[in-house]
There are 2 protein chains.
Amino acid sequence: MNQPSFSLRLPEGDDLPRKVCDNCGFVAYENPKIVVGSVVRHEGRILLCRRAIEPRSGFWTIPAGYLELNETPEEGARREAREEATATLAIERLLAVYSVPRISQVQLIYRARLAVPEFSAGPESLEVALFDWDDIPWDDLAFPTVHWALAHDREAETGATTVPFGNPAGASGDAMPDGRSLKPGEF
Amino acid sequence: MNQPSFSLRLPEGDDLPRKVCDNCGFVAYENPKIVVGSVVRHEGRILLCRRAIEPRSGFWTIPAGYLELNETPEEGARREAREEATATLAIERLLAVYSVPRISQVQLIYRARLAVPEFSAGPESLEVALFDWDDIPWDDLAFPTVHWALAHDREAETGATTVPFGNPAGASGDAMPDGRSLKPGEF
């Protein structure tokens, strides 16, 4: 078997060079990635996970990770909390949209609460704990966006902030508002 | 040269089957894609583009398209308006976050206005025009999310809606709030 071998080349009709396989011509389009996560509250305290994996192993984070194919962001945020903290979330609303262009990330961060008061360290976490605001391990947070999200969540506690719009209730984007379906390929 | 040939297989240490190249073992990870776009106003009218390309060639849309690597969503929304309508936008705020899970899309739609009162059809558009609300070609819009965005923009005109948070001013996510830089690989 050959080893993977890609060169940057401009595919026909494209605007930017892409990674093209030297063996078969497969074009490996790379796109920005979506991270979904939640600031999770329970009885006034905030749930944090200490990472068991790189990057930033040993540091504290909110439950968050890459959105998978065919997930809504809310589904992805709930899945990440299940995986990292064996927690079941009730998502309240979108808190923040962050962009980290250097690593081509867009982050959608939700406000959530524990739907049931149970959690434990999943396989990607060393430990999971609830923190009062003053006890948050500020010097040992994993990422800048964790700082931002915690601060924004506290600001949102005042109630002065409202959410952006999302999909109309029950709509997944497969049909026009009058009920006409779009066929695959029409998207 | 071989032809591209991929099979669904579970890479070691992964949770889900991925497309793996039969020739070289390259794992083609597929992730949801981010669409960025804008509802663009000028003197009370709304800018729409009639698509010159599939899908939905001949139908009307707001300027929108896939976010590229290393772009912020706002940069991407401005680029799409340049490409599709040769228009220069002043982005006002995030209007909506839509999710279309069947095609693994998350859409970030902004409110914007023309920074200069000039536009024309770019190579991906048949024509570009400003519409009064009552003249919008509702039956010939390209996608459900175009409907949603136009309706939400009109609702937002009342001023009752505020935005979600974004990055702190000037911050791109490369450093902690105290100025410590994160190294590549620490993300």
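Numbers for the structure displayed
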item	result
Cβ-Cβ FRET estimate between residue B:45 and residue A:27, R0 fixed at 45 Å, reported to 0.05	0.70
17 Å reach of a label modelled at residue A:5, 7 Å along Cα-to-Cβ, counting backbone N of the stretch B:1-18	B:1-5
In order through the stretch A:68-84: 3J(HN,Hα) via Karplus (6.51 cos²θ - 1.76 cosθ + 1.60), integer Hz, x for Gly, Pro	8, 4, 6, 9, 7, x, 5, 4, x, 5, 5, 4, 4, 5, 5, 5, 8
Rounded to whole Hz, the Karplus (6.51, -1.76, 1.60) HN-Hα couplings of the stretch B:122-128, x for glycine and proline	x, x, 9, 10, 7, 7, 9
Nitroxide proxy distance, nm - points 7 Å out along Cα→Cβ at residue A:127 and residue A:15	4.9 nm
Estimated distance in nm for a label pair at residue B:113 and residue A:93, the labels positioned 7 Å out from Cα along Cα-to-Cβ	2.6 nm
Per-residue mean of C-beta atoms belonging to partner chains within 10 Å, peptide A:138-145	4
Amide H contacts under 5 Å for residue A:89, placed H, 5+ residues apart	A:115
Under the Karplus curve 6.51 cos²θ - 1.76 cosθ + 1.60, θ = phi - 60°, whole-Hz ³J(HN,Hα) for the stretch A:25-42, x wherever Gly or Pro sits	x, 4, 9, 8, 5, 10, 10, x, 10, 9, 9, 10, x, 9, 8, 9, 10, 9
Share of alpha-carbon pairs per 10 Å distance bin for the stretch B:33-157, given as whole %	14, 51, 33, 2
Built amide H within the under 5 Å cut-off of residue A:141, gap 5+	A:60
Per-residue average of Cβ from other chains inside 10 Å of A:33-40	2
Separation of the residue A:140 and residue B:69 label points, Cα + 7 Å toward Cβ, nm	3.6 nm
Long-range HN-HN contacts of residue B:26 with modeled amide H, under 5 Å	B:21
Exercise: per-residue mean of other protein chain Cβ atoms within 10 Å, A:2-12	2
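Readers should treat all values here as calculations from the given coordinates under stated rules, not as data from a laboratory. A quick note: this is a predicted structure, and the numbers were derived from the prediction, not measured. Methodologically, a virtual Cβ is constructed for each residue, glycine included, from the backbone with ideal geometry; neighbour enumeration extends over all protein chains shown.
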